[in-house]
Amino acid sequence: MDRDFLRDRSVLVMGLGRFGGGLDAARFACRAGARVIVTDLASREALAGTLAQLTDCPIEYHLGGHREEDFGPDGADVVVVNPAVPPDNRYLAIARAAGKHITSQVELFFELCPACIVGITGSNGKSTTTILTAHLLRAGLRSEPRAVWLGGNIGNEMWLSEVEHIQADDVAVLELSSFQIEQLARIHRGPHVAVITNLTPNHLDRHGTFEAYCDAKESLFRHQPLDAERPCVSIFNADDPVTRSWYERYLRQPGRRCRLFSSDDVPPDLAKRFTLPGQANRANLAAALQVAEALEVPRDRLAPAIASFRGLPHRLELVREINGVRWYDDSKATTTPSAVAALEAFSCPRIVIAGGYDKHVSFDDFAAALVRCAKAVILIGATAPKIAEAVRPRNPDDRLIVQFADGLPQAVAACAALAEPGDVVLLSTACASYDMFDNYEHRAAVFRAEVDKLA
């Protein structure tokens with residue numbers, strides 16, 4: 001496929017998204033010479049921020065709902081689907097019945113990108129691992145005529161729109177969600193270098209079971225290009241029983257090089273340069289180092305790159321210290337394992353704000369960690385009763401203080417009333433934010449604003 005595939009064709013972008021999920025695909029299709037229609041369930045007012053970034057593109061908008069005729073026999077030639085749209089969506093069924101070409105941002109990128117692609121997935125740590133990998137590669141390959149591109153399920157990076165500038169000797173580092181990997185499986189494509197950080201139950205509201213979720217993630221490895229000119233490298237977490245079993249399964253497959261990583265693998269001279277706290281972050285570093293080694297980054301360039309890495313916003317990010325109490329924004333901890341990792345990153349007394357959107361996962365492990373590690377937990381959102389119920393049998397002597405708050409401002413006030421000098425307050429909710437906020441960044445902004453009021 002090349003860009004001319006879309007020239008003079010009608011392209012329907014399904015799902016622009018309030019946070020720009022379809023922005024990149026819409027801009028790419030316009031630049032490729034297509035007649036572009038964008039359809040989204042949200043209103044023009046709700047999408048105002050994204051629409052403002054497309055004012056230079058001749059796009060027809062059908063907002064506030066989808067129209068069957070856009071997907072039917074007289075509709076668009078090509079449908080580009082946002083990964084948030086489930087495969088069994090009824091409008092996609094109409095498009096399939098009409099013989100339309102259904103694709104996605106990630107499928108188009110894989111079909112058009114001439115460079116080595118590094119694909120990173122996992123339940124937790126994949127964003128940090130992706131950014132850290134790109135950071136190490138940029139430092140390590142700086143003297144070579146190779147650019148390192150960053151994209152995928154991370155921020156609003158315009159990666160598809162830039163594919164025409166990517167050269168064959170470059171490296172593209174992508175964070176890939178289970179939804180995007182499902183889309184790639186339709187065309188039996190995978191990255192040259194694939195990494196899985198770990199696997200814990202997540203997105204069960206979409207996948208149904210943990211087994212189905214794992215199967216979606218494994219497609220990243222199942223469809224790697226074994227007969228490509230570039231080596232096929234598969235990198236697995238040695239400490240995760242599921243990913244370790246995948247390593248054993250793929251180890252002897254011809255054309256594939258398998259590697260393991262563990263948080264204990266980081267050489268001491270590199271570990272001491274790493275500023276991010278906790279064992280989970282050391283595992284992220286170990287995974288990134290495996291990618292750097294696979295792509296032959298000179299080792300003497302790694303230490304300064306590691307020392308200069310400062311992490312990502314909303315991942316155990318210190319907001320401020322007030323009267324001896326440190327307040328941390330870990331709003332990106334939208335799963336129970338990531339919140340447990342945050343709890344275990346500290347040894348001082350911890351007060352935690354937890355709860356949010358219900359993805360139908362168990363809170364047993366998180367509850368056990370709260371009782372083991374925390375001084376108090378303030379519960380918010382739809383899952384507050386479920387977390388409290390999981391805590392109750394593990395907290396018979398009420399050593400862990402459990403309180404409920406109507407919202408984040410009230411939760412911050414409750415934390416301030418309980419906190420003493422030397423304590424840490426963690427916004428580490430173990431849940432997504434959609435029941436109360438636009439996204440985890442919005443949740444973080446509210447938290448930080450409330451903390452600032454305490455100063």
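The values are calculated or read from the model by the stated rules, or taken from the named source; none is laboratory data. Since we're looking at a predicted model, the values are computed, not measured. A quick note on method: Cβ atoms are made from the backbone with ideal geometry, for glycine too, and the neighbour counts reach across all protein chains shown.
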Can you find, within the stretch 427-445, the residue that is farthest from the chain's Cα centre (by Cα) among those that are at pLDDT 95 or above and farther than 18 Å from Ala339 by Cβ? Ala445
Scan the stretch 24-77 for residues that are assigned to a helix (DSSP H, G or I) and surrounded by 17 or more Cβ atoms within 10 Å (Cβ to Cβ) and jot them down. Asp24, Ala25, Ala26, Arg27, Phe28, Ala29, Cys30, Thr50, Leu51, Leu54, Asp70, Phe71
The one condition in (1) surrounded by fewer than 21 Cβ atoms within 10 Å (Cβ to Cβ); (2) outside the structural domain of Ile154 (by TED's automatic domain parsing) that Asp329 fails to fulfil: (1)
Failed condition for Pro191, given (1) crowded, with 18+ Cβ neighbours inside 10 Å; (2) assigned to a helix (DSSP H, G or I): (2)
Please specify each residue of the stretch 346-367 satisfying the condition of being among the β-branched types (Val, Ile, Thr) and under 20 Å from Val451 (Cα atoms). Ile351, Val352, Ile353
Just to confirm my filter: which helices (runs of 4 or more DSSP H) fall fully inside the stretch 217-299 and include at least 3 residues that are closer than 23 Å to His192 by Cβ and touching a residue at least 12 places away in the same chain (Cβ under 8 Å)? 241-250, 279-294
Looking at the stretch 188-204, I want the residues that are more than 15 Å from Arg259 (Cα to Cα) and at pLDDT below 90 and have a partner that is hydrophobic (A, V, I, L, M, F, W, C) and part of a helix (DSSP H, G or I) with Cβ atoms under 6 Å, at least 6 apart or on another chain. Which pairs are those? Pro201/Phe210
Assuming Glu321 fulfils every condition listed in (1) free of Cβ contacts under 8 Å to residues at least 12 places away in the same chain; (2) in the same structural domain as Ala449 (by TED's automatic domain parsing); (3) assigned to a helix (DSSP H, G or I) apart from one, which condition is it? (3)
Residue check, Glu164 surrounded by fewer than 20 Cβ atoms within 10 Å (Cβ to Cβ) and assigned to a loop (DSSP other than H, G, I, E, B): no
Please find, within the stretch 84-139, the residue that is farthest from Phe274 (Cα to Cα) out of those that are in a loop (DSSP other than H, G, I, E, B) and within 15 Å of the chain's Cα centre (by Cα). Ala84
